[in-house]
Amino acid sequence: MAMEITQFLLHAQSADANIRTDAEGKLKLFQEQNLPSFLLSLSLELSSDEKPIESRRLAGIVLKNSLDAKDSTRKENLANHWVSIDISVKSKIKELLLSTLGSSVLEARHTSAQVVAKVAGIEIPRKEWPELIGSLLGNMTDPSKPVHLKWVTLEALGYVCEEISHHDLVQEEVNSILTAVVQGMSVGEYGPEVRLAATKALYNALDFAQTNFDNEMERNFIMKVVCETAVAKEPEIRQAAFECLVSIASTYYEVIEPYMETIFQLTSAAVKGDEEAVALQSIEFWSSICDEEIELQEYNDFESGNAGSTPPHSCFIDKALTLLVPMLLETLLKQDEDQDQDDTVWNVSMAGGTCLGLVARTVGDRIVPLVMPFVEANILKPDWRSREAATYAFGSILEGPSVEKLAPMVHSGLEFLLNAMKDENIHVKDTTAWTLSRIFELLHNPSSEISLISPTNLQRILGVLLESTKDVPHVAGKVCSAIYYLAQGYEDDGASSSLLTPFLPNIISCLITTADRPDGSDSKLRTSAYETLNEVVRCAKIPETAPIITHLLPVIMTKLGQSVDFQIISSDDRENQVELQALLCGVLQVIIQKFSSTEETKGTILQAADQIMVLFLKVFACRSSTVHEEAMLAIGALAYGVGPEFGKYMTEFYKYLEMGLQNFEEYQVCAVSVGVVGDICRALDDKVLPYCDGIMTHLLKDLSSNELHRSVKPPIFSCFGDVALAIGEHFEKYLVYAIPMMQGAAQICAQIDDSDDEMMDYGNQLRRSIFEAYSGILQGFKNSKPDLMAPHATHILQFIEHVSKDSRRDENVTKAAVAVLGDLADALRSNVKILFKDHTFYSEFLGQCLESDDEQIKETASWTQGMIVQAFSVCG
Amino acid sequence: MAPHELRRPFKRPAISDQQKRRDLSLIRQEKNRLDAQRHARFLASTVLSLQPPADSEIITDSNPSPEQEFELVEEGIEALELDVRQAAKLKGTEARRWFAKQLMLPEWMIDIPDRLCHDWYVLARPAGKRCFVVSSNGTTVSRLRNGTLLHRFPSSLPSGARNKGNSSSQSYCILDCIFHELDQTYYVTDMVCWAGFSLYECTAEFRFFWLNSKLVETGACDPPSVYHKHRFSLPTVYNCDQAGLHASYTQPTSYVKDGLLFYNKHAHYQTGNTPLALVWKDANCSQYVIDTDSKGQILDQQQVVLALQENGKLTTSDEPPVEFGCLDMEFIQKSGLQTGDLLKFSVSDRGLCFTDGKLEKADIQFISKSNRARAFADSFSKIMFQHMVRHSPLQIEDLFASITSSAVKDKEVTDEEMAD
């Protein structure tokens, strides 16, 4: 059943586009028409040493892509396709793959190892390829097998471990894999290629080795081999060994104490003198230890008084502190000449500074005396590297130590830093701006007793910052960030007036000038400037700044209007337009939301609403196929702001809303559009009715789609509730579609894997949204057609009961559940009497809610109690 | 080398505003949704809450301080959320104004409701001060109909005293009472909230059932003690059939009677004037059938209190108001009267003329501004009742007759059905 496909595979790589497209088409057709035969043909191609390497290589790649994909939905589909193939075909393919591991052609071997792992990823969890591990291990234990087979077998084992979870193997298999791998890592056993492959395989197998790490003898042996490998002759092997150490630091933190001295020697030598890639991993080791200890400390804080049950904190950072900090400070002096130009640079000095920051968060005040002498000794040196390193060190330790410890230093250092914004070296200025922004982020708290900013120094600070927005883009960007945090400090300070207000017109005009810089768009400076503007507006005090922001509104509107008329020639032009419009819509959204939240300022939005809406519609019209997420977000805010008046925009706007609801690919756009439906329902109430057929159709399609990102689905259920509450009895015709979806989703909630935190979160969101949907529908029908929900009451009660017995539900779910309970009693009255008598769980659940610490839950529960009492009191 | 994915943000501008905008939008939408659903949920039970003052509102205090007035308007939105616990903290005019609006005000019985014997309860009304009793946070407060404070005292009501661990702020009670001076007892005529649980939305049938079962349990009906300064008591509530009406009208009570109170069994507790609770009296069951002056002397002529509207019209406290006449602007200016003032008038003998039950002409004479303690103008039913008392009163015999005839009618209906 296999076909000869060498020609197609070769043609598919042809330089001639026609030949290439034709061949690709034929391959695709073959794949669609007969997948088993297609995969078999590919494996045959890959396994045949007489075939050209080019076609074998492509055969391997196509095979891999037929088994696995990044996108999880597609990945699942591919796996299902494979599973459904006839077993004899699958066996043949697997046989061919395993035999290819022994091929004399290196590339074919490697590719085959990867494909084997992809098949293993599907089959091993299903227990459908039990003989694989044994067969691979056979290659390792049989002395007669060639070294090149052992090499690729180790690779294959590594890849397989990467694909599967440790639940999928029995301990004996794990033991044998580790034995084979550790043996492969030993010096002199085989050549360096095998040693590298073995070390990488160990990295992937570490997660499987819990039992082995619990056993002291085995652990000693593994650690001994890893540490020996960390000083291998070949830098690549050393790097791989350090990667293993990093992984061990986080996975087996609690048992590595005995090895810490050795590891410190190894990492310290590597940081001082090894190649950058190795040094970076050595620093990463310590960063990982910090991560573990910070997490332990947070956990202990959280669970204080419960010391017995917490994992041990070994204080590795604390013990190594006096040696570790100088080592890290040394790294800060190893800057690259152009590191600030390029966002993708990651070097020893950055990794060192990052680690220093983590150390500060781990040990707090104790780091200060170890770092400050370095700062003081270097900050005035003529060499820019010294000044930059000193500033970076200072900036790195601003989080962790107490405010009391830091405040005096920052107070006395602030003026110095402000002066340093005029340093002759841009790296120094860049790091200084970053340090200032961290100071404002972490230590600027106007409502606390220790306040950095006074009316006297604020003018000086802003003078320097605003002047520095004219500096080179990367410095100016960090200055924007400093202004962002400076403004943020006043957001929740409880005062009605802010020191910043008198400077606001200046700050705003400066940020707009910065955003307009011709060199701003490439370096993200434009984005930083507008995002800072947003925060400045968000944190401004209303009403005192209302006139200033009122003045800003037309400025932004004019800019958005101009952007619509940009001449678009290249795709770059288009991209630039889209990006700028996104930023400007963002600012408008922030202003609309700010002004809509108080009665005094609402009028400004109402007045400008027509013009704003026209602009948004023009922005939508700029793009033919997709809608603008930012414009959509802003329209939601506008609908909230103008209320029923929004109705007049609906005829124009509706088609874009539909486009948004159908945008499966950019799921954020879809999610935002769903949110806007809610805003519109609340704004228009029953006036939204004419649009509901369309809206509901799209929402139902979205729910049934496998393509759409699952995170959008809970908001859609909540949105059902919004629609139902708005249109009341008119929701009747959608019930027959909506209810089965809600019941299906409730079913899914019951089956969610509770060992997966992320899935638990999702399950909670889903439940809450289903409850919100029921609440909206029950309330919507309450006055006119409550009986429509009577047939569903049992299911709703069962669902609430199920959720009420799940101790891992979050508070929002509880709140929504107890509310539905009341809505049910309120809407159905005496009809639910018998049901409630059969579902006595509700009294215990209500009792729990009434004792909750959450006032809203208590309030809702006592209302619900009243509704139930009332349902019982009604005759009938 | 590519930056470490976890560590990268350290020295980069950390601000990503787009996600923040999305998140803030979501938070706003979530809040709006909760508010919308919450609003729908509490719509019917927000009777407890403070309505923003209407422009034409009648106020007790003829000269409210402008500052207080402003605060109340400004707090309009929050004030809607205000419940009785917060209201308990209100002071002065605000408190009076708030509480004055919380009571259900029975209309005077000027004709007999259909189905009196099926749908109604009757009880002998104790003579005394109608008041609202609120227990919360370890204290009990009673307020008169116009909102002024009567007593502040410890009681055995839930959260009514600081003695036992019952002072949870959640667990407040609101009772509709009449304070009977002679035995210093609060006679409970209705229950509005019990232990934090609102009964506004419950039928009278349920409220009385609840009242009977809960009040005794708490010890509120026990004799006074240190933590229970005033006794509470329950007037006997009867079904309004022959026996019930007879008992309430003739049976001796521990208190001085002041007429009969009628409650429609299916009616919810509704603040303000309602025809679903009625009061009736005659000389046998009340000392005060015809209005008296401050010395207890029956007035020669009926007096009425009406509210002055912007256009000079004089209206009752009903919703919608009933118009009784009009003052000319010159007179208003000359007398220094203001919109919203409550004015006292005398009604000349046979001064009210009706056509088909509707007021056609009222012959009334201005006397003076009303007493400052008044919160409302008279209701239409009160004026009518007083008018009828003086001319052609509704008598107890009429009530009995209506019950008998209704029983006969029922029997006829049953007979007809059987004949079918």
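Bear in mind these aren't lab numbers, they're just calculated from the coordinates by the rules spelled out. Model, not experiment: these values are computed from the prediction. Note that each Cβ is placed from the backbone with ideal geometry, even for glycine, and that neighbours are counted across all protein chains shown.
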For chain A, what is one quarter of the convex hull surface built on the Cα atoms, given in nm²? 43.0
Let me spell out the model: positive unit charges on the Cβ of Lys and Arg, negative unit charges on the Cβ of Asp and Glu, origin at the Cα centre of region A:415-557. What dipole size does that give, in debye rounded to 20? 200
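Using a 10 Å cut-off around each Cβ, can you sort A:Lys858, A:Lys145, A:Lys127 from fewest to most neighbouring Cβ atoms?
Final ranking by Cβ density, sparse to dense: A:Lys127, A:Lys145, A:Lys858.
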Checked against the positive end of the charge dipole of chain A (+1 on Cβ of Lys and Arg, -1 on Cβ of Asp and Glu, about the Cα centre), the farthest of A:Met742, A:Ser769, A:Pro518 is A:Met742
Sorted by chain and then number, the residues having a modelled amide H within less than 5 Å of the amide H of B:Cys326, at least 5 places away or on another chain, are B:Leu314
Among A:Met409, A:Ser454, B:Leu394, whose Cα lies farthest out toward the positive end of the dipole of the protein assembly as shown, if unit charges sit on the beta carbon of Lys, Arg (+1) and Asp, Glu (-1)? B:Leu394
Between A:Lys319 and A:Glu254, what is the label-point separation in nm under the 7 Å Cα-to-beta-carbon projection? 1.7
Expressed in nanometres to one decimal, the distance between label points 7 Å along Cα→Cβ at A:Ser755 and A:Val403 is 4.4
Among B:Val256, B:Asn284, B:His230, whose Cα sits farthest toward the positive end of the charge dipole of region B:228-291 (+1 at Cβ of Lys/Arg, -1 at Cβ of Asp/Glu, about the Cα centre)? B:His230
Karplus-derived 3J(HN,Hα) from phi for region B:358-371 (6.51 cos²θ - 1.76 cosθ + 1.60, θ = phi - 60°), whole Hz, x at Gly and Pro, runs 9, 5, 9, 8, 10, 9, 10, 10, 5, 9, 6, 5, 7, 3
Please give the residues of region A:314-337, grouped as numeric ranges, whose backbone N is less than 20 Å from a label point set 7 Å along the Cα-to-Cβ vector of A:Ile426. A:334-337
What percentage of all Cα-Cα pairs in region A:496-598 are separated by more than 25 Å? 21
Under 29 Å from the Cα of B:Lys257, which lysines turn up, not counting those fewer than eight places away in the same chain? B:Lys101, B:Lys129, B:Lys214, B:Lys229, B:Lys265, B:Lys281, B:Lys295, B:Lys344, B:Lys382
Roughly speaking, what % of Cα-Cα pairs in region A:194-284 are separated by over 20 Å, rounded to a whole number? 28
Quick one: which residues, 5+ away or cross-chain, put their amide H under 5 Å from the amide H of B:Gly272? H built at 1.01 Å from N. B:Leu103, B:Met104, B:Leu105
Relative contact order of chain A (C-alpha contacts under 8 Å, at least 6 apart) in percent is 4
Once you have the Cα-Cα distance between A:Gln297 and A:Lys805, take 0.36 nm times their residue separation minus that, and quote the gain in nm to one decimal. 179.7 nm
Please report, for the Cα atoms of region B:108-257, the Rg to one decimal and the Dmax as a whole number; what are they, in angstrom? 15.8, 49
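Taking the Cα centre of the protein assembly as shown as origin, sum charge times position over the Cβ atoms of Lys and Arg (+1) and Asp and Glu (-1), and report the length of that vector in debye to the nearest 20.
Here the size comes out at about 2240 debye.
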For region B:265-274, take each phi angle, set θ = phi - 60°, evaluate the Karplus expression 6.51 cos²θ - 1.76 cosθ + 1.60, and give the result in whole Hz per residue in order, putting x for glycine and proline. 4, 9, 7, 7, 6, 10, 6, x, 5, 9
Paramagnetic reach from B:Phe366 (point 7 Å along Cα→Cβ, amide N under 17 Å) across region B:284-313: B:304-313
Given the -39500 (n - 2.57) contribution per DSSP H run of 4+ residues, what per-residue ellipticity at 222 nm results for the protein assembly as shown, rounded to the nearest 500 deg cm²/dmol? -19000 deg cm²/dmol
Radius of gyration and Dmax for region A:594-709's Cα atoms, expressed in Å? 14.0, 46
Assuming R0 = 60 Å, what is the FRET efficiency of B:His151 and B:Asp23, from their Cβ-Cβ distance, to the nearest 0.05? 0.70
Amide H of B:Leu150 versus every other amide H placed in the peptide plane: which residues, excluding those fewer than 5 positions away on the same chain, fall under 5 Å? B:Ser142, B:Arg143, B:Leu144
Round to a whole angstrom and tell me the spacing of the C-alpha centers of region A:718-762 and region A:9-62. 45
Which lysines, if any, have their Cα less than 21 Å from the Cα of A:Lys815, not counting same-chain residues under 8 positions apart? A:Lys713, A:Lys782, A:Lys805, A:Lys858, B:Lys31
Taking the Cα atoms of region A:388-524, what is the range of coordinates along each of the three principal axes, in descending order and whole Å? 42, 38, 23
What is the distance in Å between the Cα centres of region A:119-159 and region A:690-716? 45
For region A:628-675 and region A:423-475, distance of Cα centres in Å: 38
Using 0.36 nm per residue of separation minus the Cα-Cα distance, give me the extension gain between A:His166 and A:Ile53 in nm, one decimal. 37.2 nm
Can you work out the Karplus-derived ³J(HN,Hα) for every residue in region A:788-795? Use 6.51 cos²θ - 1.76 cosθ + 1.60 with θ = phi - 60°, whole Hz, and x for glycine or proline. 4, 8, 4, x, 9, 4, 4, 4
How big is the antiparallel share of DSSP beta bridges in the protein assembly as shown, given as a percent to the nearest 5? 90
Region A:571-711: Lys pairs at Cα distance under 18 angstrom, eight or more positions apart or on different chains: 6
Where the only charges are on Cβ atoms (+1 Lys, Arg; -1 Asp, Glu), what is the dipole of region B:104-250 about its Cα centre, to the nearest 20 debye? 780
Shape of region A:715-786, Cα gyration tensor, a/c cut at 1.5: prolate
Mean separation of Cα contacts under 8 Å (6+ apart) over length of region A:315-436, as relative contact order %: 25
Give the aspartates and glutamates reachable from A:Lys272 as a straight Cα distance under 17 Å; neighbours fewer than 8 places away on the same chain don't count. A:Glu261, A:Glu284, A:Glu330, A:Asp336
Region A:559-654: C-alpha gyration tensor shape, a/c 1.5 cut-off, then a/b vs b/c: prolate
